[in-house]
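To start, the structure itself, in structure tokens.
The values are calculated or read from the model by the stated rules, or taken from the named source; none is laboratory data. Keep in mind the model is a prediction, meaning the values are calculated, not measured. Cβ: placed from backbone, ideal geometry, glycine included. Neighbour counts: every protein chain shown.
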Amino acid sequence: MERLKKWRTHLALFALVVGPGIITANVDNDAGGIATYSVAGAKYGYSLLWVLAPTCFLLVLVQEMCSRMGVVTGKGLSALIRERFGLGISFYLMIALFFTNLGNVIADFAGLAASAEIFGLHRWAAVPIGAFLLWHMVVKGSYRTIEKVFFVACAFYVSYLVSGFMAGPDWKQAIHGSLVPNTTWNSEVLYMIVGIVGTTIAPWMQFYQQASVVEKGIPLKHYRYSQWDTVAGAIVVTIVCYFIMLACAATLHRNGIAISDAGDAAMALKPVAGRYCAGLFAFGLMSASLFGAAILPISTATSICEAMGWERGVNRKFTEAPHYYSLYTVVLFTGAAVALASSKAMLIPIMIFSQVVNGILLPVIIFFMLRITSDKSIMGAHTNSRWFNIIAWGGAIITASISILMVVMTLIQ
Amino acid sequence: MTLRLFHHIRSRSICGSQFMEKSQTIIPNLIAGRAQNKGIPADSALPAVVFYNLSDLLGCPIRYEDEARPFARLYDIGGSTATAYPLAIALELTPRKGRLHTFVPWNAVLSMTVTETVVRRITEPAPTADFWARRDVLDDQVVDVSGAQVVRVNDVHLIYSDNKLIFGHVEIGLRGILRRLRFEKTVNFLTQWLFDYTIKDSFVTWRHIQVMSPGGVPGGLRVDKLSDRLADIHPAELADILEQLGVKDRQALFNSMTVETAADALEEVTPEYQRTLVSHGEPGRVADILEEMPADEAAEVLRDLGPDAQNIISRMEGDAASEVKTLLSHKEESAGGVMDSNCIEAQLGDTVASILERIPKLTETVEVYNLIYIVDENRVLKGVLSLRELFRASPMAPLEGLVSHELITVHPETRLKDVAREFAKYGFQAVPVVNDDGVLQGVVRYDSVLSHLADFLND
């Protein structure tokens, strides 16, 4: 009885802080992410599933630092970087963040267009309607309603789990592939692995999660529950990735069908896995794209305004926070317009550019994060412990070298 | 250059002129004399007034008077808040060799320009500064008391005159950002050429700013150093300020407020920030603050707190605690969850004079004082009477003729949306809450329903 009561207290407190970690992690599975996982599954079958567990660990490592900084300081990551490292660095960092986020938004609208067409809706209808709905929701809504909408949107990812099961994977092979890194190593496989890690840990996530932790006003003494939130988010996202790869491995890989993006995957699933499996896959893609296209512009505007000291926040009116809403509007509509106007071939160089910026930005941000989380004058008693620091620096160096590797490999290809 | 800058500042709006007015007392006669002689000869006997941007000074070489080679670079400038416009009292230096920063008292300085600063050799240790310009002000948030807002500092303007360095303004506008990024000239040229427009500076004079983390310690705010003008800020604006600060500064500011101000401000901040402020606060003080708030607002704060609420309720005074507990026992979105149990009750046997006599004393605790609720000995609601009727009636008139018996009441379980409909229909200021037996429980005020509904309002 006593134990039950204790658990109920824990759950009640968890319910108060849950959100930032799970939402951030789920948006991480946006159109670009789904594309990468689908291609990985289609091309390498079950053999790359093992990559997901270490990736999940790195994700927790990085995101935990963000939410800790948010809870301890009550400030966003870009504000902390500005205060600790000055205006110059923050400014160029924000420019890079702007472009890489814009690239992600373009990918999301392209994903929306592709999935809408699978359902027979023309892209020239789906993208403008989607963009306008998102814009309206943010400019006219309040943060509380939006968070609720996002939370519900997370549930749509279940469709990937269902489609994973419907694809009828070979579980024995799947488990083997998840535990044993039995991969034939060559540069293409390496590129794929780098891609998986790179899309899973993206710079905008650190800014977004920290900002939402701050916005939620999570008290320091409940930080523990915020950690659960981060871990839960990372696990959920990994499970979703796992099932996406599984679905593609069980069907496309077995039948030797090559794909290049998530829209392809949904189309290709139809003949081999059935209409419903493909439909669920496309539905997942559509909600993920909308979700990403909703959050990334918000995150971009928030981070930049915070670094520059401009008024920000969904809860303010347009006239109160003009910079914020202008940035938001520009990112959202530019993303939609570019995605609409470009053909698939034109999108490829844009995506490569965005990935390169992403890859350069991430190590820099992780380095700043480690410096800030080790700084006693900022973090007080909540600096990284020695062991955490050793693991974190190790993880950061791995993540950083992976991103740099990705940049180099992208540029060579 | 000096002169141009100077006129530039003089011609600026209120901030500038207030600043000038104040500086006259700091640098006697200097400014007035300067202003009259627009075309000052180079050999003027008056000491020169030079304006520096902190960002231009930082990193400049420092040398001893008897050496040609600089031995260090300027890292930071420490100020003393003893005067309204702080004076620089210490410098922090990055030596050419070694990594350990050294400190020099201001009285060692012989001259300062953006290209070099010359100091004497001095054994005297540097005094402890009240704040450091780079660490605590530049790129950090400060409170602009005159505008009641939190601003991020893009640059600091210093006045150098008579070998004194005075903190004058903080720059918070785009121009400061552009200057530090070295884009000022290019952007200015472009905006001039394209739109015939010059980006304006926006300054806040030092008298109106409150440095938040003095000594690099977030939350190191000392109450005795707090600007008096902070107390004049409206609670709604204080709430806005609280929301924009970091955790420690926010808490320090909140702790420095009187219980009354803190209660008013707490009422205005969003539920998320109410939660952090309350959870980080000392429970005894939080209980005092909540007692000061209307019970329904206090209950709302506690509701969002989850299991921690109990600890605070136990420290609240008996009456306030039981009232809050009653509210918490009802659902949030119901009449019972927001009702105010303090209302003026009277019985049919009372006289007009006796009620009128009681009212002034009650106004301290009762919010709804213009409606008097008539109950029987079991507190069953019988009728309602307005203050206006009471004033009009003769003191000895029987109540019976004045009371309205057509009652509109709500039940504790009535949903707030339905309560709001009653308000819209009848235009009350408050509606009585009665239970199944008709016993009066309290009243729902118009404003408590409004503040709940405001969450659903979009522009």
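Below are the figures for this structure:
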{"quantity": "Residue A:88 vs. criteria surrounded by fewer than 24 Cβ atoms within 10 Å (Cβ to Cβ), within 14 Å of another protein chain (Cβ to nearest Cβ) and among the small types (Gly, Ala, Ser)", "calculated": "yes"}
{"quantity": "Answer from B:348, B:328 - the residue that is more than 19 Å from residue B:446 (Cα to Cα) and in a helix (DSSP H, G or I)", "calculated": "B:328"}
{"quantity": "Cβ-Cβ under 7 Å pairs, at least 6 apart or on other chains, segment B:317-331 side touching a residue at least 60 places away in the same chain (Cβ under 8 Å), far side buried (at least 19 other Cβ atoms within 10 Å of the Cβ)", "calculated": "B:330/B:336; B:330/B:337; B:330/B:412; B:331/B:337"}
{"quantity": "Looking only at segment A:253-289, and only at residues there that are among the β-branched types (Val, Ile, Thr) and in a loop (DSSP other than H, G, I, E, B), the one that is surrounded by the fewest Cβ atoms within 10 Å (Cβ to Cβ)", "calculated": "A:257"}
{"quantity": "All positions within segment B:410-445 that are within 36 Å of the chain's Cα centre (by Cα), within 15 Å of residue B:338 (Cβ to Cβ) and assigned to a loop (DSSP other than H, G, I, E, B)", "calculated": "B:428, B:429"}
{"quantity": "Yes/no for residue A:231 being touching a residue at least 12 places away in the same chain (Cβ under 8 Å) and within 14 Å of chain B (Cβ to nearest Cβ)", "calculated": "no"}
{"quantity": "Qualifying residue in segment A:136-147 (condition: modelled with pLDDT of 80 or more, under 27 Å from residue A:331 (Cβ atoms) and either assigned to a helix (DSSP H, G or I) or of a type in the set (S, T, N, Q) (or both))", "calculated": "yes"}
{"quantity": "Count of segment A:385-399 residues which are over 14 Å from residue A:196 (Cα atoms) and buried (at least 19 other Cβ atoms within 10 Å of the Cβ)", "calculated": "3"}
{"quantity": "Test for residue B:154: is it of a type outside the set (Gly, Ala, Ser), modelled with pLDDT under 85 and surrounded by 16 or more Cβ atoms within 10 Å (Cβ to Cβ)", "calculated": "no"}
{"quantity": "Cross-chain or 6+ apart pairs with Cβ under 9 Å, segment A:187-208 first and under 15 Å from residue A:35 (Cβ atoms), then modelled with pLDDT under 80 and outside any helix (DSSP H, G or I)", "calculated": "A:191/A:413; A:199/A:29; A:199/A:30; A:200/A:29"}
{"quantity": "Filter pass, residue A:307 being within 14 Å of another protein chain (Cβ to nearest Cβ) and part of a helix (DSSP H, G or I)", "calculated": "yes"}
{"quantity": "For residue A:256: the one exception among (1) away from chain B (no Cβ under 14 Å); (2) more than 22 Å from residue A:111 (Cα to Cα); (3) at pLDDT 75 or above", "calculated": "(3)"}
{"quantity": "Which numbered condition residue A:292 misses (of (1) away from chain B (no Cβ under 14 Å); (2) surrounded by fewer than 24 Cβ atoms within 10 Å (Cβ to Cβ); (3) within 29 Å of residue A:78 (Cα to Cα))", "calculated": "(2)"}
{"quantity": "Positions within segment B:351-406 being at pLDDT 80 or above, farther than 21 Å from residue B:431 by Cα and part of a strand (DSSP E or B), in sequence order", "calculated": "B:351"}
{"quantity": "Which listed residue, of A:177, A:130, A:164, is crowded, with 19+ Cβ neighbours inside 10 Å, away from chain B (no Cβ under 14 Å), at pLDDT 75 or above and under 28 Å from residue A:319 (Cα atoms)", "calculated": "A:130"}
{"quantity": "Wholly within segment B:99-199, strands (runs of 3 or more DSSP E) carrying at least 1 residues that are free of Cβ contacts under 8 Å to residues at least 24 places away in the same chain and closer than 30 Å to residue B:71 by Cβ", "calculated": "B:102-105"}
{"quantity": "Elements of type helices (runs of 4 or more DSSP H) in segment A:1-109, at least 2 residues being more than 25 Å from residue A:391 (Cβ to Cβ)", "calculated": "A:2-17, A:20-28, A:31-44, A:77-85"}
{"quantity": "Of all residues in segment B:241-277 being assigned to a helix (DSSP H, G or I) and among the small types (Gly, Ala, Ser), the one that is nearest to the other protein chains (Cβ to nearest Cβ)", "calculated": "B:252"}
{"quantity": "Tally, over segment A:206-228, of residues that are of a type outside the set (Ser, Thr, Tyr), more than 10 Å from chain B (Cβ to nearest Cβ) and buried (at least 24 other Cβ atoms within 10 Å of the Cβ)", "calculated": "6"}
{"quantity": "Members of segment B:95-109 that are farther than 19 Å from residue B:79 by Cβ and either surrounded by 12 or more Cβ atoms within 10 Å (Cβ to Cβ) or among the basic types (Lys, Arg) (or both)", "calculated": "B:95, B:96, B:97, B:99"}
{"quantity": "Positions within segment A:323-350 being more than 30 Å from residue A:263 (Cβ to Cβ) and away from chain B (no Cβ under 12 Å), in sequence order", "calculated": "A:324, A:325, A:326"}
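Yes or no, residue by residue, for (1) crowded, with 24+ Cβ neighbours inside 10 Å; (2) more than 14 Å from chain B (Cβ to nearest Cβ):
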residue: A:5; (1), (2): no, no
residue: A:41; (1), (2): yes, yes
residue: A:54; (1), (2): no, yes
residue: A:58; (1), (2): no, yes
